[in-house]
Amino acid sequence: MVQRPKVLRTLPALRRSLARCRAAGETVALVPTMGALHEGHLSLVRLARRKSARVVVSIFVNPAQFAPAEDLATYPRTFAADLAALAREKADLVWAPESVAVMYPEGFSTRVAPGGPATVGLEDAYRPHFFGGVATVVAKLFIQALPDVAVFGEKDYQQLKVVTRMARDLDIPVRVIGAPTVREADGLAMSSRNVYLSPAERALAPTLHRVLVDCAARIAGGRPVKATLARGRDTIARAGFRLDYLEARHADTLEPVRSTRDGPVRLLVAAWLGKTRLIDNVGVG
Ligand code: PAF
């Protein structure tokens, strides 16, 4: 029989369980999630397993990273299925605060405000509340669990860079690791929000990845970044998406780049299909 992970609903319970792991000399990896787990999340759990004796998966739909008009109320919540999947992956602990007040008690007044080049533009230009909310909750998760390692998906590439910088800047002794994006057979990056897509939108959605791959190949082949991105933007718009951005950034710092001579390049995109916002990214070369 598959052993279910232990579910911890309060901070003292989490701390007691982790103290027992540490007393036994075990290392701990944390995989922060908002639930609605798919194969992408499970790949993070597998990577965490390889890095640590114990794996904690947090499941918390974090209100602080949603703007009022966003999908907090309708964000998919699939706790029973998540637990079953985590049991199959042999996660040890699930940190699922029993209420929002466990994370943000009455009077909560502190917010982590990430800055620097990694926060300039891209997601921040369209969701200015987002990285403050993510950095605040991730800082709390790091302090609550004090993991040796934390695993985040490269699908949210800017988030990965912001969280890595935040941990370094705040001297939180955790090694942040990025894991490659897991894709459907047709290239669409797995995301909990893909369930929002209608069948027609789902059929169109992989175009985004195809355009990214095409642009990356052209740039790697020596075509100019600016013209290649202009062509990519046009293809995305003509396919029926409402484009937020398609940009080339330095893969480490996320500063804008004009050519591959500026360093390793990452292409990042965000676009809407109907009411669903999709993001994706690929490396060049
Ligand atoms: O990527 C996510 O699912 C969330 O932004 C995270 C990192 C769990 C913080 O709420």
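Summary table
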{"read-out": "Members of the stretch 160-174 found to be closer than 24 Å to Arg127 by Cα and either among the hydroxyl-bearing types (Ser, Thr, Tyr) or surrounded by fewer than 24 Cβ atoms within 10 Å (Cβ to Cβ) (or both), listed by number", "value": "Leu160, Thr164, Arg165, Ala167, Arg168, Asp169, Leu170"}
{"read-out": "Flag for Thr181 being without any contact (Cβ under 8 Å) to a residue 60 or more places away in the chain and of a type in the set (Ser, Thr, Tyr)", "value": "no"}
{"read-out": "Residue among Leu204, Leu246 that is surrounded by fewer than 19 Cβ atoms within 10 Å (Cβ to Cβ), under 24 Å from the mean Cα position of the chain (by Cα) and hydrophobic (A, V, I, L, M, F, W, C)", "value": "Leu204"}
{"read-out": "Options Asp252, Asp280, Asp262: the member that is charged (D, E, K, R), in contact (Cβ under 8 Å) with a residue 12 or more places away in the chain and in contact with an Asp or Glu (Cβ under 9 Å, 6 or more places away or on another chain)", "value": "Asp262"}
{"read-out": "Residues of the stretch 112-124 that turn out to be more than 19 Å from Asp71 (Cβ to Cβ) and either within 14 Å of the ligand (Cβ to nearest atom) or part of a helix (DSSP H, G or I) (or both), as a count", "value": "5"}
{"read-out": "Single residue of the stretch 195-215 satisfying the filter (touching a helix residue (DSSP H, G or I) at 6+ places or on another chain (Cβ under 9 Å) and of a type in the set (A, V, I, L, M)) that is farthest from Gly263 (Cα to Cα)", "value": "Leu197"}
{"read-out": "Among residues of the stretch 181-201, those that are among the aliphatic types (A, V, I, L, M), under 26 Å from Val61 (Cβ atoms) and surrounded by fewer than 15 Cβ atoms within 10 Å (Cβ to Cβ), counted", "value": "1"}
{"read-out": "Single condition Ala227 does not satisfy, out of (1) outside any loop (DSSP other than H, G, I, E, B); (2) within 23 Å of the chain's Cα centre (by Cα)", "value": "(2)"}
{"read-out": "Residues of the stretch 53-104 that turn out to be within 20 Å of Asp148 (Cα to Cα), touching a Ser or Thr at 6+ places or on another chain (Cβ under 7 Å) and hydrophobic (A, V, I, L, M, F, W, C), as a count", "value": "5"}
{"read-out": "Matching helices (runs of 4 or more DSSP H) fully within the stretch 129-214 where at least 2 residues are among the small types (Gly, Ala, Ser), more than 12 Å from the ligand (Cβ to nearest atom) and on the phi < 0 side of the Ramachandran plot", "value": "199-204"}
{"read-out": "Lone qualifier among Asp171, Asp82, Asp156, Asp92 - being closer than 21 Å to Asn281 by Cβ and among the acidic types (Asp, Glu)", "value": "Asp156"}
{"read-out": "Test: residue in the stretch 44-60 that is of a type in the set (Phe, Trp, Tyr) and surrounded by 20 or more Cβ atoms within 10 Å (Cβ to Cβ)", "value": "no"}
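A short reminder: the numbers here are calculations on the coordinates, not readings from a lab. None of these values were measured; they are calculated from a predicted model. Cβ: placed from backbone, ideal geometry, glycine included. Neighbour counts: every protein chain shown.
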